[in-house]
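Contents: one structure, followed by commentary.
The values are calculated or read from the model by the stated rules, or taken from the named source; none is laboratory data. This one's a predicted model, so the numbers in the text were calculated from it and none came from an experiment. When we count neighbours, we look across all protein chains shown, and the Cβ atoms used for this are built from the backbone with ideal geometry, even at glycine.
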């Protein structure tokens, strides 16, 4: 047993010491540079703990920065310079992000689609749905069905525009990649887009990149036993890129098959070849990530990005965060279709958000078109479904330093949900709405 029982976090909070967190951090850094030896990560973690114990006085709680310094030292001394570099870069990136959050940004982010947001905000103001107070006013005047109609119309217009752009480039395209963060509505949007494109004579073949997951035992997990499927390194990016390259050349490949029940990937499972008039259709969380299709010329791929770009201010005068909307969507969907409790989604969301910031958001500017899947009417529907749970979670996590992220998110969502007029009747929502992907009742076969 280690003589170290607790550590000091950057916030000053004192939390129990868990060596598994060190193992997880080392393994994550290894995965980032192509390594997947969990046994070696555990060995290196033990060396870190041993070194730490030699430098720590009895009953002294080491600071997290000191532990990270020792991790870097152990990695370098044991011949893992590339892993150490990945670990150092990740650590530096986190520090820079903390500093950036502590001050007001001096210039707009290049990762935010400002022009698109301006049009969405202008539309929201014209429809009286730019604040929760304005939304409430329309709801109490029995205008909820009209809000649904207006929201769905502008979403369908976005899909129509994307279809037109793809059609214009169809003679050169070999693949359409539909990307976006978790629960942005990729699946429904993909189905709707494919339906429109088929009407004009285009033929598609779908590629499910989930089949390229590495075996579950090769994934890192944290001290809570939570696996991280959100990182692009969870996928065999090298194999995906190779198969896409061969498919674009008209050659046959054998797609693997990932069995989620066993957490195992079966290689060379399904043959696939693109006919000359067929286009590959890829719905992927990390479709914009460069390594996935790095050897495919840009003129042969159309990249579409989807995000609920809602422009609505809450009662505190701050805009409702898109990540909060997507978290709510995932809670509702996973509870119904994946036997995953909403509380588990909340506790896991820091992984989702971290991966988005590192592996999705930086590449938004590479998309050929952006579709907004945000619906102003979805928030009133969420209040009756989840308000009580968010109130419970805010209390549950308030004084738990290990669940600080969950507390912040629960508190933030609870504040804007309790301020909106609740709507329980979702019958005005079309059966093929993107929102039906999450609240249920869809006429689309997923």
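Candidates are the residues of segment 385-395 that are in contact (Cβ under 8 Å) with a residue 12 or more places away in the chain and surrounded by fewer than 24 Cβ atoms within 10 Å (Cβ to Cβ); the one that is farthest from residue 438 (Cα to Cα) is 394.
Could we say that residue 338 is in contact (Cβ under 8 Å) with a residue 40 or more places away in the chain and assigned by TED's automatic domain parsing to the domain that holds residue 137 here? Answer is no for this residue. The listed residues are 253, 205, and the only one of them that is closer than 19 Å to residue 287 by Cβ, modelled with pLDDT of 90 or more, more than 21 Å from the chain's Cα centre (by Cα) and surrounded by fewer than 18 Cβ atoms within 10 Å (Cβ to Cβ) turns out to be 205. Number of residues in segment 399-446 that are in a helix (DSSP H, G or I) and touching a residue at least 24 places away in the same chain (Cβ under 8 Å): the value is 18.
Quick check on residue 216: is it within 30 Å of residue 16 (Cα to Cα), modelled with pLDDT of 80 or more and either buried (at least 20 other Cβ atoms within 10 Å of the Cβ) or assigned by TED's automatic domain parsing to the domain that holds residue 162 (or both)? Judged against the criteria, residue 216 is a match.
Figure legend. Inter-residue proximity from segment 290-314: first residues assigned by TED's automatic domain parsing to the domain that holds residue 189 and surrounded by fewer than 16 Cβ atoms within 10 Å (Cβ to Cβ), second residues at pLDDT 95 or above and outside any helix (DSSP H, G or I), beta-carbon distance below 7 Å, spacing 6+ or different chains. No pairs are indicated.
Kindly indicate whether residue 380 is within 27 Å of residue 143 (Cα to Cα), touching a helix residue (DSSP H, G or I) at 6+ places or on another chain (Cβ under 8 Å) and either free of Cβ contacts under 8 Å to residues at least 12 places away in the same chain or assigned to a loop (DSSP other than H, G, I, E, B) (or both). So residue 380 fails the test.
(1) assigned to a strand (DSSP E or B); (2) at pLDDT below 90: which one isn't true of residue 225, the others all being true? Of (1) assigned to a strand (DSSP E or B); (2) at pLDDT below 90, only one is false for residue 225: (1).
Inside segment 189-216, residues that are outside any loop (DSSP other than H, G, I, E, B) and touching a residue at least 40 places away in the same chain (Cβ under 8 Å) make up a count of 17. Before we move on, is residue 246 touching a strand residue (DSSP E or B) at 6+ places or on another chain (Cβ under 8 Å), modelled with pLDDT of 95 or more and either surrounded by fewer than 21 Cβ atoms within 10 Å (Cβ to Cβ) or in the same structural domain as residue 435 (by TED's automatic domain parsing) (or both)? So residue 246 fits the description; yes. In this structure, does residue 432 turn out to be closer than 26 Å to residue 111 by Cα and assigned by TED's automatic domain parsing to the domain that holds residue 134? It is false that residue 432 is closer than 26 Å to residue 111 by Cα and assigned by TED's automatic domain parsing to the domain that holds residue 134. The residues listed here are 28, 21; of these, the one that is surrounded by 15 or more Cβ atoms within 10 Å (Cβ to Cβ) and in contact with a helix residue (DSSP H, G or I) (Cβ under 8 Å, 6 or more places away or on another chain) is 28.
Working only within segment 135-181, note down all residues that are surrounded by fewer than 23 Cβ atoms within 10 Å (Cβ to Cβ) and part of a loop (DSSP other than H, G, I, E, B). Hits for segment 135-181 are 141, 142, 143, 169, 170, 171, 172, 173, 174. Checking residue 382 against (1) surrounded by fewer than 20 Cβ atoms within 10 Å (Cβ to Cβ); (2) closer than 28 Å to residue 433 by Cβ; (3) modelled with pLDDT of 95 or more, which single condition isn't satisfied? Unmet for residue 382, out of (1) surrounded by fewer than 20 Cβ atoms within 10 Å (Cβ to Cβ); (2) closer than 28 Å to residue 433 by Cβ; (3) modelled with pLDDT of 95 or more: (1).
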